[in-house]
1. Could you give the length gained by full extension between Leu76 and Trp98, i.e. 0.36 nm per residue of separation minus their alpha carbon distance, to one decimal place?
2. Once fully extended, how much extra length lies between Glu105 and Gln17, figured as 0.36 nm per residue of separation less the alpha-carbon to alpha-carbon distance?
3. What is the packing order of peptides 57-63, 72-78, 19-25, 101-107, taking the mean over residues of other C-beta atoms within 10 Å and listing the highest first?
Amino acid sequence: FRGQGCGHRRTIDAGAQPGTLLRYSGEEISDLPVSKSVHLLGFSDLIGALRLVESAPTEIVVLGIQPEVIGWGTELTAKIDAALVTLVECAIGQVARWQAEIAAEAGDDLQSELAGLQLAAAEESWYW
């Protein structure tokens, strides 16, 4: 399992009016649908399995945009495209909150290390 031993996990998913941004966390994650077949295991099934082996992240946040069209295609619809920037900003904000929490728990040594990593990431941002 790639998710084993992680304290936090960020995943993107959704469900509402097309273009609607959603955020699920805590017990809301437990309410997500599960598969009725072992051949079609989904996100909820993965989290359930991680909980069984006591390796589930301490906090899970699911962010998403409700799709307008579910099918084959090569381009986003206008509603989804318009919401995408906000979704990415929300995901970056969530990761920043987690970084702040971890840094606060770890103390000054980790804070300076995180600052160095953030600087390195900013310098490499052209790559994305």
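No value in this document is a laboratory result; all are computed from the given coordinates. Every value quoted in this text rests on a predicted model; they were computed, and no experiment measured them. Here the Cβ positions follow ideal geometry from the backbone for every residue, glycine too, while neighbour counts run over all protein chains shown.
1. Numbers: separation 22, 0.36 × 22 = 7.92 nm, distance 2.95 nm.
Taking 0.36 nm per residue and subtracting the Cα distance, the gain is 5.0 nm.
2. 27.8 nm
3. 57-63, 19-25, 101-107, 72-78
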